[in-house]
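Presented below is the structure to which this report refers.
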2 protein chains.
Amino acid sequence: MKYTDYVDLNYRPAKSDLVCEFYVEPAKGVSMKKATGAVASESSIGTWTTITKAPPRINKLGARVFLIKGNYVKIAYPFELFELGNMPQILSSIAGNIFGMKDIANLRLEDIKWPYQLMKSFEGPKYGIKGIRKILKIPKRPLIGTIVKPKVGLNSKEHAKVAYESWIGGLDLVKMDENLTSLKFNKFGKNVRESLKMRRKAEKETGEKKIYVPNVTAETTEMLRRARLVKKEGGRCVMIDIITVGWSALQTLRNENLNLILHGHRAGHAMMTRNPKHGISMLVIADIARLIGIDQLHIGTIVGKMAGERQEVTHISEEIEKKFVKERPVGHTLAESWGNIKPVFVICSGGIHPGHIPRIVKFLGKDIILQFGGGCHGHPNGTFSGAKAINQALCATMQNIPLKKCAKTHPELKMAIDKWGVVK
Amino acid sequence: MKYTDYVDLNYRPAKSDLVCEFYVEPAKGVSMKKATGAVASESSIGTWTTITKAPPRINKLGARVFLIKGNYVKIAYPFELFELGNMPQILSSIAGNIFGMKDIANLRLEDIKWPYQLMKSFEGPKYGIKGIRKILKIPKRPLIGTIVKPKVGLNSKEHAKVAYESWIGGLDLVKMDENLTSLKFNKFGKNVRESLKMRRKAEKETGEKKIYVPNVTAETTEMLRRARLVKKEGGRCVMIDIITVGWSALQTLRNENLNLILHGHRAGHAMMTRNPKHGISMLVIADIARLIGIDQLHIGTIVGKMAGERQEVTHISEEIEKKFVKERPVGHTLAESWGNIKPVFVICSGGIHPGHIPRIVKFLGKDIILQFGGGCHGHPNGTFSGAKAINQALCATMQNIPLKKCAKTHPELKMAIDKWGVVK
């Protein structure tokens, strides 16, 4: 089969097909038909030349380009090309060699539609939005949390003290930084024990449930050992840097079924998601994380220190929170019916402060986790006041009270706003 | 600390520092000093705002920008920022959030220099070049191998037959495709048993040692189960798709110490390596693979269907094959002293045919594995003749005989050249 034989614009995808949407720019002098055919070929059964003794029955396993609209292309893959429950194998096909082919100048995987058979071979989130809300006994409002800062350098007692002040200041979650796992000055085991002791103290004093999020990012065996330690010490949640750890280990952690909330950090995603013409979209990463079983996932903020457009973040939030996702006419979202795969709690984090809360809630709704680093511990009076200011800003937002009005009677919020302002 | 406080052009890196070279393009209106300082800050101890009660001793853990030359920047990181033997943690720091920061327009991690302390916390290759040559009893010439084609669709007996024909045609290695793991029509266990049976038969008939490379890419537990099966059945090597599996599982496989050659496929790398201004270089990926312990790694071809410039491939080849790597004045290579970490056998694969052999050997030398897919099985007379043609082209190249001359007395090579030509 020639590359162009993989293009069949009359083909209608079968229910069992996996469908990908790509952005494609052919290399100079290469037609769109040839370039997209090359992508379909290389990601299914083909190669750069004809194979002499290939049995003709194999052609039925070829992927088909069934839609070309400007630079956007849809390709359908027969279900038989994929191993059930093996995410790395699936990605080696549909997100593998194709990014390096000479026939294309740029290629971006925008979205994946999973056939039901393949979908049900993955676990999905254990808890998702409802499960996490139940643990915390918070039925409706956004959750608020913090990342302990400075990122690294505190010892375990200092770290636990910052966590404690955050919790009694009114925050629901406290997480370790993605750079901190087990360092010389702050070893994992001691960190977890100290922090969970402080969590219990904070729970007793506030009468509220709290969550500590230790980062178990490591080689798989060590990662599992740490996750089991968290479980044993009474923890409810672990965090994993899903990109730097990789899909294989993430599946292993989920399959281990430790009944821990899995918090997905996305450090490193932007090396492949940021270029709008090449790589893979954050939507796809979020999609995969939902399928494997992340309960709460960083997706960007609309505002703050990380790049991430409003439309992109909104689309991702819909993709991983809804049961049915509608197809969009232009722009990178295929329809999806998520079956029994639970919705993921989206996390907004990265350079946000209390003055951002009304805007983020306006655009993303209440099923979000707002997570502050510098925007908490950078409060002029420190962590405890920072946490209070965040809580005050959230209460005001829930009651439709402008932050500046609320600040008149809440000195912590006033100081935060004086430092960082309110973002409309 | 402000972002610009992380720039100290008078700083000279300590021997224990980890050093990174980045390509940096600041966002519009942002100075180079601020942009590079932001990168150093976010990847070490800083955040977007000042932290009120941070102990001053922590500032010593900050990374330092010590060189800015055009868009190239070198940053030194104190050793204490990293956990020994935890590659995902290291990358969450130096290749994490920084790619998404608003202060930068483009950012590419070009190279990493590992301090000895950190280096020795990783295993490195078990075999490397010398070990693999010893197993095959081939002291000097390049190794030749093939990927069974069509990629997927053959059953295990058909697959093993293609492997057998390749071996008796004169090839040293036969590998599964990166898309094939365990599919409905070709299950892993049966594939391995059939292929190893054929390997033994080919070894008996040729009197040569041969290697089969089954792809164990999967969730970690399943991956290890498959690797142990290969070992039990008498295999010598397993392959892993290092990008789609991820660093955590790769470390686990290496640490398991099964005495199998680890063959690293790089499917998916180009989603982050291809853009020369953003992401991560293939050199860095190869560097990490060597450190963790891949014995043989795909690095590109100079020629063929995959993009990859000659200079880039040559640099990567030097980086992972040498004991001492010299610093280059311009362009992306830091000095490196590899200590006890063994050299990796580089694999050239992707769209190559017999007519490419002289050119690749000329530029990359004899310590390479040449691996053909379509360039073997696309031979007009099929696999056996394809393998013979490759062998003939290699023999001619080793004796400095032009391929066209050799083809006069070797009909298989002649047919290959008639189909694909000779590339100068």
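The values are calculated or read from the model by the stated rules, or taken from the named source; none is laboratory data. In this text, all values refer to a predicted model and were calculated from it rather than measured experimentally. In this analysis, Cβ positions are derived from the backbone assuming ideal geometry, glycine residues included, and neighbour counts consider all displayed protein chains.
From the set of residues in the range B:379-410 that are more than 14 Å from chain A (Cβ to nearest Cβ) and not in a helix (DSSP H, G or I), which is nearest to B:Arg141 (Cα to Cα)?
That would be B:Gln399.
Could you list, in sequence order, the residues of the range A:243-257 that are at the interface with another protein chain (Cβ under 8 Å from one of its Cβ atoms), in a helix (DSSP H, G or I) and within 18 Å of A:Gln89 (Cβ to Cβ)?
A:Val245, A:Trp247, A:Ser248, A:Ala249, A:Leu250, A:Gln251, A:Thr252, A:Asn255, listed by residue number.
Which one of the conditions (1) in contact (Cβ under 8 Å) with a residue 12 or more places away in the chain; (2) out of contact with any His (no Cβ under 6 Å at 6 or more places or on another chain); (3) not charged (D, E, K, R) does B:Asn106 fail to meet, given that it meets all the rest?
B:Asn106 satisfies every listed condition except (2).
Specify which of the listed residues (A:Ile132, A:Ile138, A:Ile112, A:Ile147) is β-branched (Val, Ile, Thr), more than 11 Å from every other protein chain (Cβ to nearest Cβ) and over 30 Å from A:Leu91 (Cα atoms).
That would be A:Ile138, the only listed residue that is β-branched (Val, Ile, Thr), more than 11 Å from every other protein chain (Cβ to nearest Cβ) and over 30 Å from A:Leu91 (Cα atoms).
Which members of the range A:184-241 meet the condition of being more than 27 Å from the chain's Cα centre (by Cα), part of a helix (DSSP H, G or I) and of a type in the set (A, V, I, L, M, F, W, C)?
Listed by number, the residues that qualify are A:Met198, A:Ala202.
For the range A:327-344, indicate whether the set of residues that are basic (Lys, Arg), in a loop (DSSP other than H, G, I, E, B) and at pLDDT below 90 is non-empty. First the steps, then the outcome.
Here is the first cut: in the range A:327-344, the ones basic (Lys, Arg) are A:328, A:342.
Next cut, in a loop (DSSP other than H, G, I, E, B) only: A:328, A:342.
Those left that are additionally at pLDDT below 90: A:328.
There is at least one residue in the range A:327-344 that is basic (Lys, Arg), in a loop (DSSP other than H, G, I, E, B) and at pLDDT below 90.
Does A:Arg133 qualify as being assigned by TED's automatic domain parsing to the domain that holds A:Gly386 and in contact with a Pro (Cβ under 7 Å, 6 or more places away or on another chain)? Steps first, please.
Working: assigned by TED's automatic domain parsing to the domain that holds A:Gly386: yes; in contact with a Pro (Cβ under 7 Å, 6 or more places away or on another chain): yes.
Criteria met by A:Arg133.
Among (1) in a helix (DSSP H, G or I); (2) under 28 Å from B:Leu250 (Cα atoms); (3) not hydrophobic (A, V, I, L, M, F, W, C), there is one condition B:Ser166 misses while meeting the rest; what is its number?
Condition (2) is where B:Ser166 drops out.
Output yes when any residue across the range A:139-151 is touching a residue at least 24 places away in the same chain (Cβ under 8 Å), of a type in the set (A, V, I, L, M, F, W, C), under 30 Å from B:Met239 (Cα atoms) and in a loop (DSSP other than H, G, I, E, B), and no when none is.
no
Among the residues of the range B:260-267, is there at least one that is in a loop (DSSP other than H, G, I, E, B) and away from chain A (no Cβ under 14 Å)? Before the answer, list the steps.
Residues of the range B:260-267 that are in a loop (DSSP other than H, G, I, E, B), as a first pass: B:260, B:266-267.
Filter once more, so that each one left must be away from chain A (no Cβ under 14 Å): B:260.
Yes, the range B:260-267 has at least one match.
To keep it simple, each residue is scored yes or no on (1) within 14 Å of another protein chain (Cβ to nearest Cβ); (2) surrounded by 20 or more Cβ atoms within 10 Å (Cβ to Cβ).
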residue	(1), (2)
A:Glu312	yes, yes
A:Val325	no, yes
A:Leu334	no, yes
A:Gly339	no, no
A:Gly355	yes, yes
A:Val361	no, no
A:His377	yes, yes
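Return the residues of the range B:355-404 that are touching a residue at least 24 places away in the same chain (Cβ under 8 Å), out of contact with any strand residue (DSSP E or B) (no Cβ under 7 Å at 6 or more places or on another chain) and of a type in the set (D, E, K, R); say none if nothing qualifies.
Correct list: B:Arg359, B:Lys366, B:Lys388.
Would you confirm, using the coordinates I've provided, whether A:Arg57 is of a type in the set (Lys, Arg) and either farther than 29 Å from B:Ser385 by Cα or in contact with a helix residue (DSSP H, G or I) (Cβ under 7 Å, 6 or more places away or on another chain) (or both)? Explain how you work it out, then say what you get.
Details: of a type in the set (Lys, Arg): yes; either farther than 29 Å from B:Ser385 by Cα or in contact with a helix residue (DSSP H, G or I) (Cβ under 7 Å, 6 or more places away or on another chain) (or both): no.
No.
Sort out which residues of the range B:277-291 are β-branched (Val, Ile, Thr), in contact with an Asp or Glu (Cβ under 9 Å, 6 or more places away or on another chain) and more than 9 Å from every other protein chain (Cβ to nearest Cβ), and write them in order of number. Before you say what the answer is, go through the steps one by one.
The first filter runs over the range B:277-291 and keeps only residues β-branched (Val, Ile, Thr), leaving B:280, B:284-285, B:288.
Narrowing the set further to residues that are in contact with an Asp or Glu (Cβ under 9 Å, 6 or more places away or on another chain) leaves B:280, B:284.
B:Val284 - this is the single residue of the range B:277-291 that is β-branched (Val, Ile, Thr), in contact with an Asp or Glu (Cβ under 9 Å, 6 or more places away or on another chain) and more than 9 Å from every other protein chain (Cβ to nearest Cβ).
Looking at (1) surrounded by fewer than 18 Cβ atoms within 10 Å (Cβ to Cβ); (2) of a type in the set (A, V, I, L, M, F, W, C); (3) touching a His at 6+ places or on another chain (Cβ under 7 Å), which one does B:Ile401 not meet, given that it meets all the others?
(3)
Applying the selection to the range A:405-420, what residues are without any contact (Cβ under 8 Å) to a residue 24 or more places away in the chain and surrounded by 14 or more Cβ atoms within 10 Å (Cβ to Cβ)?
Scanning the range A:405-420 gives A:Cys406, A:Ala407, A:His410, A:Pro411, A:Lys414.
Give me the residue from the range B:341-353 that is more than 9 Å from chain A (Cβ to nearest Cβ) and crowded, with 24+ Cβ neighbours inside 10 Å and, out of that set, farthest from B:Thr146 (Cα to Cα). Walk me through how you get there before you give the answer.
Here is the first cut: in the range B:341-353, the ones more than 9 Å from chain A (Cβ to nearest Cβ) are B:341-349, B:352.
Restricting the remaining residues to those that are crowded, with 24+ Cβ neighbours inside 10 Å gives B:344-349, B:352.
Numbers: B:Val344: 19, B:Phe345: 16, B:Val346: 14, B:Ile347: 11, B:Cys348: 11, B:Ser349: 9, B:Ile352: 10 Å.
Per the stated criteria, the residue is B:Val344.
Considering each residue of the range A:10-34, count those that are in contact with a helix residue (DSSP H, G or I) (Cβ under 8 Å, 6 or more places away or on another chain) and part of a helix (DSSP H, G or I), and give that number.
The total comes to 2.
In contact with a strand residue (DSSP E or B) (Cβ under 8 Å, 6 or more places away or on another chain), in the same structural domain as B:His263 (by TED's automatic domain parsing) and surrounded by fewer than 24 Cβ atoms within 10 Å (Cβ to Cβ), is that true of B:Pro142? Let's see the steps before the verdict.
On the way: in contact with a strand residue (DSSP E or B) (Cβ under 8 Å, 6 or more places away or on another chain): yes; in the same structural domain as B:His263 (by TED's automatic domain parsing): yes; surrounded by fewer than 24 Cβ atoms within 10 Å (Cβ to Cβ): yes.
Judged against the criteria, B:Pro142 is a match.
If the requirement is being at pLDDT 95 or above, within 14 Å of chain A (Cβ to nearest Cβ) and surrounded by fewer than 23 Cβ atoms within 10 Å (Cβ to Cβ), which of these qualifies: B:Ala105, B:Ala95, B:Ala163? First the steps, then the outcome.
Numbers: B:Ala95 fails: surrounded by fewer than 23 Cβ atoms within 10 Å (Cβ to Cβ); B:Ala163 fails: surrounded by fewer than 23 Cβ atoms within 10 Å (Cβ to Cβ).
None of the others qualify; the one that does is B:Ala105.
Would you mind finding the one in A:Arg193, A:Arg228, A:Arg236, A:Arg274 that is away from chain B (no Cβ under 14 Å) and over 22 Å from A:Gly124 (Cα atoms)? First the steps, then the outcome.
Numbers: A:Arg228 fails: over 22 Å from A:Gly124 (Cα atoms); A:Arg236 fails: over 22 Å from A:Gly124 (Cα atoms); A:Arg274 fails: away from chain B (no Cβ under 14 Å).
Step by step, each of A:Arg193, A:Arg228, A:Arg236, A:Arg274 is checked, and only A:Arg193 is away from chain B (no Cβ under 14 Å) and over 22 Å from A:Gly124 (Cα atoms).
Every residue in the range B:363-375 that is more than 14 Å from chain A (Cβ to nearest Cβ) and outside any helix (DSSP H, G or I), please. Before you say what the answer is, go through the steps one by one.
Residues of the range B:363-375 more than 14 Å from chain A (Cβ to nearest Cβ): B:363-370.
Once the filter is applied, which keeps residues that are more than 14 Å from chain A (Cβ to nearest Cβ) and outside any helix (DSSP H, G or I), the range B:363-375 yields B:Gly365, B:Lys366, B:Asp367, B:Ile368, B:Ile369, B:Leu370.
Looking at (1) over 28 Å from A:Val162 (Cβ atoms); (2) within 29 Å of the chain's Cα centre (by Cα), find the lone condition where B:Phe99 falls short.
Here B:Phe99 clears every test but (1).
Considering only residues of the range B:56-92 that are more than 25 Å from the chain's Cα centre (by Cα) and assigned to a loop (DSSP other than H, G, I, E, B), which is farthest from the other protein chains (Cβ to nearest Cβ)?
Across the range B:56-92, the extreme among qualifying residues is B:Gly70.
Just name the residue that is farthest from the other protein chains (Cβ to nearest Cβ) out of those in the range B:39-55 that are more than 24 Å from A:Lys157 (Cβ to Cβ) and part of a loop (DSSP other than H, G, I, E, B). First the steps, then the outcome.
Going residue by residue through the range B:39-55, those that are more than 24 Å from A:Lys157 (Cβ to Cβ) are B:39-43, B:48-49.
Those left that are additionally part of a loop (DSSP other than H, G, I, E, B): B:43, B:48-49.
Working: B:Ser43: 8, B:Trp48: 4, B:Thr49: 4 Å.
Out of the qualifying residues, it is B:Ser43.
Any residue in the range B:236-250 that is touching a residue at least 60 places away in the same chain (Cβ under 8 Å) sitting within a Cβ distance under 6 Å of a residue that is among the acidic types (Asp, Glu)? List the pairs, counting only those 6 or more apart or interchain.
Short answer, once both residue conditions are applied: B:Asp241/B:Glu178; B:Ser248/A:Glu219.
Filter the range B:171-183 down to residues that are in contact with a Ser or Thr (Cβ under 8 Å, 6 or more places away or on another chain) and either charged (D, E, K, R) or surrounded by fewer than 24 Cβ atoms within 10 Å (Cβ to Cβ) (or both) and give me whichever is nearest to A:Pro88 (Cα to Cα).
So the first thing to find is which residues in the range B:171-183 are in contact with a Ser or Thr (Cβ under 8 Å, 6 or more places away or on another chain), and the list is B:171, B:173-175, B:178-179, B:181.
From the residues that got through so far, the ones that are either charged (D, E, K, R) or surrounded by fewer than 24 Cβ atoms within 10 Å (Cβ to Cβ) (or both) too are B:175, B:178.
Details: B:Lys175: 18, B:Glu178: 10 Å.
Among them, the one singled out is B:Glu178.
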